[in-house]
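The values are calculated or read from the model by the stated rules, or taken from the named source; none is laboratory data. Note that the structure is predicted; figures quoted are calculated from it, not measured. In this analysis, Cβ positions are derived from the backbone assuming ideal geometry, glycine residues included, and neighbour counts consider all displayed protein chains.
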Amino acid sequence: MTEFEQFEAVLGELAELLLDLGDLASQVVLIGGQVLALESRLQGGTGTITLKTRTGIEVDRGFSFEPDLLFELEGDEFAAERLPEVLRGRGYQQVREFRWSKPLAGGAQMALDLFSMPGVEREALPVPMTVLPDARLALKFKHRIEFMVGAVPLRLSVPDAAGFLAMKVRAKLEQRPRETKDCFDLFAYTMLMGTKTVLSSLAQAGQEGRLIQAKLVDLFREPSAPGVRDVLDYASSLEPAEQELLAQAVVDLFSEF
């Protein structure tokens, strides 16, 4: 089974799960790296998290196989009580407190990480979930996406640029500073969506957007900046001259900020 086939299997399972959730599916927002993957898919890509500079340099991070789902629940929704029933009915097992997993046909594995909004009592949730600090911004300007996975429609919401970037910036600066994937995703997302779209979204987010923008500038200010180094970590197979061109392309993109 190729990675593309595994990714298709994961998307197909996600689509069927959302159909089984019924009305509760309208309160589910996809977050994390798969947002970038699906936005790429909507623009005609395969869903792999990749970037291509204006000079033709291409770097690929691969597919994201683990959907992160944010539930817009206040704790009193009747429909939410069906969540654990639906998960178990589809063959999921709770493998960690906030993670559910099931094997898929062909050897693929489906793993779901579940997130909740701040301020919702743990006891009020249908299953344990990780509190997402930036949930409010992720939900504020969310938008619906839809496309077919085989014969099944995949319908769900994703954050706008400000919501996505807020989560990735926090992940890099606070939650996993030693990991490199978040800055790669920040660069790849900004390239994919375009600086005009991203800057418009940040402006719409007001003061929060301005803070995110300032942090992005710090991360990608110069070739030696942390964000640029993280992107280059995925480009070790490139020649030194190509790495220099890539580093400059990263800096140039965020210089518009």
>> With farther than 16 Å from residue 51 by Cα and modelled with pLDDT of 95 or more as the only criterion, which of 186, 165 stands out?
In response: 165
> Given 33, 89, 47, which one is surrounded by fewer than 14 Cβ atoms within 10 Å (Cβ to Cβ) and touching a residue at least 40 places away in the same chain (Cβ under 8 Å)?
Replying inline: 89
> What tally of residues in region 213-237 results from selecting those that are touching a helix residue (DSSP H, G or I) at 6+ places or on another chain (Cβ under 8 Å), under 19 Å from residue 185 (Cβ atoms) and in a loop (DSSP other than H, G, I, E, B)?
Replying inline: 3
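Identify the residue in region 139-181 that is among the β-branched types (Val, Ile, Thr) and more than 25 Å from residue 74 (Cα to Cα) and, among all such residues, is surrounded by the most Cβ atoms within 10 Å (Cβ to Cβ).
The first filter runs over region 139-181 and keeps only residues among the β-branched types (Val, Ile, Thr), leaving 145, 149, 152, 158, 169, 180.
Right, trim to more than 25 Å from residue 74 (Cα to Cα) and you get 149, 152, 169, 180.
Numbers: 149: 18, 152: 15, 169: 23, 180: 18.
Across region 139-181, the extreme among qualifying residues is 169.
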> Here is a list of conditions, (1) small (Gly, Ala, Ser); (2) within 18 Å of the chain's Cα centre (by Cα); (3) modelled with pLDDT of 95 or more, and residue 205 meets all of them except one; can you say which number that is?
Replying inline: (2)
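Looking at region 97-123 only, could you name the residues that are of a type in the set (Gly, Ala, Ser) and touching a strand residue (DSSP E or B) at 6+ places or on another chain (Cβ under 7 Å)?
Those that are of a type in the set (Gly, Ala, Ser) and touching a strand residue (DSSP E or B) at 6+ places or on another chain (Cβ under 7 Å): 101, 111, 116.
Scanning for something basic (Lys, Arg), within 26 Å of residue 139 (Cβ to Cβ) and free of Cβ contacts under 8 Å to residues at least 60 places away in the same chain, does region 221-235 turn up at least one residue?
The answer is no, given that none of the residues of region 221-235 is basic (Lys, Arg), within 26 Å of residue 139 (Cβ to Cβ) and free of Cβ contacts under 8 Å to residues at least 60 places away in the same chain.
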> Can you find even one residue in region 82-91 that is more than 22 Å from residue 161 (Cβ to Cβ), assigned to a loop (DSSP other than H, G, I, E, B) and either in the same structural domain as residue 246 (by TED's automatic domain parsing) or at pLDDT 95 or above (or both)?
Replying inline: yes
> Listed residues 82, 54, 90, 99; which is of a type in the set (D, E, K, R) and under 30 Å from residue 239 (Cβ atoms)?
Replying inline: 54
>> Given the criteria β-branched (Val, Ile, Thr), surrounded by 20 or more Cβ atoms within 10 Å (Cβ to Cβ), touching a Phe, Trp or Tyr at 6+ places or on another chain (Cβ under 7 Å) and at pLDDT 95 or above, does residue 198 qualify?
In response: no
>> Could you check region 143-165 and list, in sequence order, the residues that are acidic (Asp, Glu) and under 12 Å from residue 30 (Cα atoms)?
In response: 160
